[in-house]
Amino acid sequence: MSKAAPDWLKNPASLFDIRGKVAVVTGASGAFGMLAAQVLAGAGAKLVLAAGNKKALDEAADACQELGAETARVARRPNTEEDCDAIIQAGVDAFGGVDILVVGSGLNDPCPIVEMSLERFESVMDGNVTGAWLISRAFGKQAIAQGRGGKVVLVSSARGKLGHPAGYSAYCASKAATDGLTKALGCEWGKYGITVNAIAPTVFRSPLTAWMFEDNEKANGVRAGFLSRVPLGRLGEPEDLAGPLLFLASKASDFHTGHTIYADGGYTAG
């Protein structure tokens, strides 16, 4: 007699099922954080949304609730140990625990290094590295105590791998550090069944990059120069990030950890 096919093979889509999982999203009012929150909401997750701007946070949470998600709102950024503990505790209080962490918070502050103050450099590093470290640690403490594994998705960038001539010394350094954190935690937490991976986008459509999609002389020139380096020949769309995010947040990625996935149309392959 032939061996019966496993359940997942009868329904491969079940590998991506996160219904009922509790997902924490920081930077939930930003371009990537809001996208991540809505993708996870549409996939059936319960959400703990954190952002410093309460009005923008409420708008993000309302959009997720319209997609059918239960939400808890925390008007904090992952800036301190107290903030991070409060964000994770909100998930425990509202839903009994946490399963997924998406670190969508961060910032960029382009400036030539010879003109950049130490304070500006430290602000970028704190926002992109220290904050990710702090919220990952808070999540890890809770996830390890729960004993049911977990998923961590950090946000890197093509700039963690490649330099940039326009004053990106702080940003590039911070995203390279994010890649290092991803690898280190992937190794450290494997024994707990917690996977840690990062998504590294290049330019994708958002309020901050909308000008690059416009049809005018400036946008056309910048876009043409950029696309000459992109094998797929176009800028990124939100759905280009949605697929990798759902993969990394679900059972489908259970054997993937410590990796950075470049959602960049092949930009970093050249």
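Tabulated data for the structure shown
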quantity: Value in Å of the Kirkwood radius, where region 60-133 supplies the Cα pairs that are averaged; calculated: 14.4 Å
quantity: Straight-distance crosslink candidates among lysines, where the alpha carbon sits under 22 Å from LYS191 and sequence neighbours closer than 8 are dropped; calculated: LYS21, LYS141, LYS151, LYS183, LYS251
quantity: Three-way shape call for region 184-268 based on the alpha-carbon gyration tensor, with the a/c threshold at 1.5; calculated: prolate
quantity: Cα gyration tensor category, rounded, prolate or oblate, for region 163-207 with a/c compared to 1.5; calculated: oblate
quantity: Extension reserve of the LYS55-TRP211 stretch, reckoned as 0.36 nm per residue once the Cα distance is removed; calculated: 53.7 nm
quantity: Rh (Kirkwood; distinct C-alpha pairs) - region 1-133, Å; calculated: 16.2 Å
quantity: Rule-of-thumb Rg ratio for the chain [Cα; 2.2 N^0.38 Å; N residues]; calculated: 1.02
quantity: Hydrodynamic radius (Kirkwood) for region 119-215, which is based on Cα pairs only, to one decimal in Å; calculated: 14.7 Å
quantity: Listed residues PRO78, ASN108, SER156: farthest to the positive end of the dipole of region 74-231 (Cβ charges); calculated: SER156
quantity: The chain: angle of helix 81-95 to the longest principal axis, Cα-based, in degrees nearest 10; calculated: 40 degrees
quantity: Spin-label model distance (nm) - ARG120 vs CYS187, 7 Å beyond Cα toward Cβ; calculated: 3.5 nm
quantity: Segment GLU239-GLU70, extension gain: residue separation times 0.36 nm, minus the distance between their alpha carbons; calculated: 58.6 nm
quantity: Gap separating the Cα centres of region 161-232 and region 3-48, nearest whole Å; calculated: 22 Å
quantity: For ALA132, net neighbour charge (Lys/Arg +1, Asp/Glu -1) across residues whose Cβ lies under 12 Å away; calculated: +1
quantity: Exposure proxy ranking, count of Cβ atoms within 10 Å, fewest first, for SER14, SER136, SER206; calculated: SER14, SER206, SER136
quantity: Volume per residue that the Cα convex hull of region 1-77 spans, once the total is divided by residue count, Å³; calculated: 82 Å³
quantity: DSSP bridge orientation in the chain - percent antiparallel, rounded to nearest 5; calculated: 0 percent
quantity: Ranked SER253, SER105, criterion: other C-beta atoms within 10 Å, fewest first; calculated: SER253, SER105
quantity: Gained length - ALA4 relative to ALA166, 0.36 nm times residue gap less alpha-carbon distance; calculated: 52.5 nm
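We did not get these values from a lab; they are worked out from the coordinates using the rules stated. Since we're looking at a predicted model, the values are computed, not measured. Please note: Cβ atoms are built from the backbone with ideal geometry, for glycine as well, and neighbour counts cover all protein chains shown.
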